Amino acid sequence: QVQLVESGGGLVQPGGSLRLSCAASGRLFGRYQMGWYRQVPGKQRELVASITSGGTTNYGDSVKGRFTISRDNAKNTVSLQMNSLKPEDTAVYYCNAVHVLSSYWGQGTQVTVSP
């Protein structure tokens, strides 16, 4: 079982930056594919960014060039640096860990982009 705890959400003005962090429990963190997803009411959860155990990254089209995902296997953490934030980035952001056939989710952290 893996527990994921997100932090770093909040209110930011358009054009601003936020950094989300996700701390994971367990000894196999380095083997997990990690990802950040987001969801707004009435819409499906969508991929924001992911990073494999080998460090290969993938980004949703709407965040390419603005967001950066990274991981620190020594600290069991994955981060999402969000720059040039837009109001449409407002959502609950969830951390995800995938290993073999298991998928784990954090509780989510709210990000609000508003003047």
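The values are calculated or read from the model by the stated rules, or taken from the named source; none is laboratory data. Remember, it's a predicted structure, so these values are computed and weren't measured experimentally. Cβ placement follows ideal geometry from the backbone for every residue including glycine, while neighbour counts extend to all protein chains displayed. Note: areas computed on protein heavy atoms with side chains; ligands, DNA, RNA excluded. Shrake-Rupley method; radii C 1.70, N 1.55, O 1.52, S 1.80 Å.
Rolling a 1.4 angstrom probe over the protein heavy atoms, how many square angstrom per residue are accessible across the chain?
That works out to 54 Å² for each residue.
What's the magnitude of the charge dipole for the chain around its Cα centre, counting Lys and Arg as +1 and Asp and Glu as -1 at the beta-carbon? Answer in Debye, nearest 20.
Charge dipole of the chain: 180 debye, to the nearest 20.
So which residue, out of Ser25, Ser102, Ser79, gets the largest mean-square fluctuation from a GNM of the chain using Cα contacts under 10 Å as springs?
Among Ser25, Ser102, Ser79, the largest GNM mean-square fluctuation belongs to Ser102.
Determine the share of the chain's accessible area contributed by carbon and sulfur atoms, expressed in whole percent, with a 1.4 angstrom probe. It would help to have the intermediate numbers written out before the result.
Working: 2980 of 6220 Å².
C and S fraction of accessible area: 48 percent.
Do you know the relative contact order of the chain, to the nearest whole percent, from alpha carbon pairs under 8 angstrom that are 6+ apart? Please list the in-between numbers first.
Values: 272 pairs, mean separation 42.1, N = 115.
So the answer I get is 37 percent.
In percent, what relative contact order does the range 44-88 have, based on Cα pairs under 8 Å that are 6 or more apart in sequence? Write out the running numbers ahead of the final one.
Numbers: 45 pairs, mean separation 12.4, N = 45.
Relative contact order comes out at 28 percent.
Let me check something: with ligands and nucleic acids excluded, how do Leu47, Leu101, Leu18 order by accessible area (1.4 Å probe), largest to smallest?
Largest accessible area first, the list is Leu101, Leu47, Leu18.
Straight distance only, please: which aspartates and glutamates reach the Cα of Lys43 with their own Cα at less than 20 Å, same-chain residues fewer than 8 apart left out?
Asp61, Glu88, Asp89
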